[in-house]
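For reference, the structure discussed in these notes is given below.
A short reminder: the numbers here are calculations on the coordinates, not readings from a lab. None of these values were measured; they are calculated from a predicted model. Positions of Cβ are generated from backbone atoms using ideal geometry, with glycine treated the same way; all protein chains shown enter the neighbour counts.
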Amino acid sequence: MGETLIENAYIATMDKDGTVYREGGILIEDDRITEIGPDVRPPRSPEHVIDARHMVALPGFVNAHSHLQQYFRGVYELIGDFYKVNLPLEGYRRPEDMEWLGPASCAEFIHAGCTTAMVIYTYPHGFAESVAQAGFRAILGADIEEVDLVRLMDGAYHYLPEKGEAAYKRAVDLHRKWEGEAEGRITTIVAPKAADLALPETYLKCKDLAEEHGLRMTTHLSQSWREVTQVQRLYGKTPPQHLQDLGVLNNRLTGAHCTYATEQDLKLITRAGMGILHCRAVTNPLLRWLDTGIPVGLGTDDYFHDMLQLLRQNLRGQRTRARLAGGSEGMLASNSLTARPSPRRLLELATRGGAETLGIADKVGSLEPGKKADVILVDMLNPLLTPTMDPLTSIVLYGTSDDISTVMVDGKTLKQDKRLTTINQREALTGAQGRVEEIIERFFADHPDQRENWEKRTRKN
Ligand SMILES: [Zn+2]
């Protein structure tokens with residue numbers, strides 16, 4: 001690939017010191033950043049030069065927890081029943097659907113400035129193919145669970161050991177086939193779904209698998225009241241206590257959500273050095289977690305993969321939380337844009353924070369010499385963003401994915417002049433649309449009550 005020089009950029013490195021160069025350059029050699037600063041002078045003339053005047057260079061976003069459920073947009077949000085629609089719908093996808101859904105998903109991540117995503121999915125093989133082709137970077141996990149989703153629709157927990165066995169096998173296959181593939185851009189993680197959906201034996205098998213191959217683990221943790229109640233009923237413990245007693249709670253585990261974690265749970269989490277993946281429950285005690293020193297990464301979770309939108313939701317969510325709590329948690333100016341967390345702090349969580357939580361900060365998450373050249377350029381020449389006295393605040397508060405003009409992974413450009421370069425977006429999206437209509441039709445055919453429900457809600461009101 002040779003050398004690329006990005007010059008004249010406003011650079012927010014997101015390194016530990018929060019270094020910003022108001023005008024500077026980034027020198028990239030093959031897949032790595034070799035030099036960065038106000039005065040970068042390449043020893044010879046670089047093969048590619050990007051004039052980034054009026055642009056902000058940031059490390060690409062690290063989306064620390066996501067699934068590929070965005071295919072069901074326009075159905076799930078309207079019906080809004082996680083157990084009756086969301087979970088069962090997932091069962092209607094087939095591995096071969098990924099031929100279309102995979103490129104559409106990669107297109108969404110890249111378009112939104114994401115350069116690394118942790119993706120947990122039932123059919124990760126198909127998605128891995130798309131990641132490899134698109135030049136994207138992903139940590140892939142196969143959902144491991146044994147609960148019968150059909151019976152869960154009616155509120156009954158019924159476990160199918162053979163389902164857990166098959167899911168575990170998919171996870172092993174995923175690791176064997178994909179770990180370190182696509183020039184090292186694909187790695188794997190072990191992902192038992194949640195303590196109410198997977199049994200203790202399964203968690204222990206996952207732990208062994210992770211230890212044997214030096215992998216990290218991730219799970220949904222205290223996400224719903226239903227989960228907490230079921231775990232309490234089965235084991236007489238909270239989900240973190242349960243995992244602690246299984247020997248799974250440690251600094252190689254990340255837990256998504258933690259919405260219903262108790263004070264005691266937080267102590268366990270802190271002591272274990274475990275990271276929290278904070279998603280769309282934006283009124284969760286994010287500031288409390290950060291003040292406690294818990295590593296936090298941000299993830300879009302399910303129906304959209306727009307990190308900038310997620311940051312804004314968090315700003316609003318934390319302000320609402322502070323208001324409801326009477327301005328506590330150090331957020332005295334809870335109506336002001338200066339309320340904690342600052343836009344800059346959120347950007348940091350969306351980049352280096354995610355990388356640290358997932359254990360990949362030696363490679364990505366900040367713009368520093370020696371790190372992978374995963375860079376995004378935000379075009380500030382947009383009346384919604386300029387003029388501004390602080391470009392980073394403007395980007396977080398008013399920026400959209402459309403303002404991200406360049407996305408680079410491993411020094412290779414995946415989006416240039418606001419267009420994807422490795423994916424035929426039109427083909428990917430129209431193909432995915434057709435496939436999604438088929439999947440949803442299959443679901444509605446089996447569940448006419450949900451079809452009726454959906455049709456009712458697409459009419460007025
Ligand atoms: Zn999730």
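Hey, if you put +1 on the Cβ of every Lys and Arg and -1 on every Asp and Glu Cβ in the chain, which of Ile11, Tyr303, His278 ends up farthest toward the positive end of that dipole?
His278
Expressed in nm², what is the orientationally averaged projection area of the convex hull enclosing the Cα positions of the stretch 277-420? Mind showing how you got there, number by number?
Values: hull surface 37.8 nm².
The orientation-averaged projected area of the Cα hull of the stretch 277-420 comes to 9.4 nm².
What whole-number distance in Å separates the alpha-carbon centres of the stretch 220-262 and the stretch 1-40?
41 Å
Percent of Cα-Cα pairs more than 21 Å apart in the stretch 336-412, please.
When all Cα pairs of the stretch 336-412 are counted, 36 percent exceed 21 Å.
Debye sum, Cα scatterers, the stretch 340-461, no solvent: what log₁₀ I/I(0) at q = 0.16 1/Å?
With one equal scatterer per Cα and no solvent, log10 I(q)/I(0) is -0.95.
Starting with the highest mean, order 351-362, 244-255, 437-448 by the number of other Cβ atoms within 10 Å, averaged over the residues of each peptide. The partial results should precede the final answer.
Details: 351-362: 23.3, 244-255: 19.2, 437-448: 14.3.
Packing order, densest peptide first, comes out as 351-362, 244-255, 437-448.
Looking only at the stretch 61-355, where both bridge partners belong to it, what percent of the DSSP beta bridges are antiparallel (to the nearest 5)?
Details: 1 of 30 bridges.
So the antiparallel bridges in the stretch 61-355 amount to around 5 percent.
Restrict the search to the stretch 180-222; then list the GluC sites (Glu not before Pro) that DSSP places in a loop and that have at most 16 other Cβ atoms within 10 Å of their Cβ.
Details: sites: Glu181, Glu183, Glu201, Glu211, Glu212; in loops: Glu181, Glu183.
Sparse-neighbourhood loop GluC sites (Glu not before Pro): Glu181, Glu183.
Sorted from largest down, what three extents in whole angstroms do the Cα atoms of the chain have along their principal axes?
Ordered largest first, the chain gives principal extents of 65, 55, 50 Å.
Rank the residues Met274, Met153 as a footprinting-exposure proxy: fewest other Cβ atoms within 10 Å of their Cβ go first. Don't skip to the answer; put the middle values down first.
On the way: Met274 25, Met153 16.
Neighbour counts put them in this order, fewest first: Met153, Met274.
What ranking do 408-418, 74-84 get when scored by the average of other Cβ atoms within 10 Å per residue, highest first? Before the final figure, lay out the partial values.
Details: 408-418: 20.1, 74-84: 15.3.
The most tightly packed comes first, giving 408-418, 74-84.
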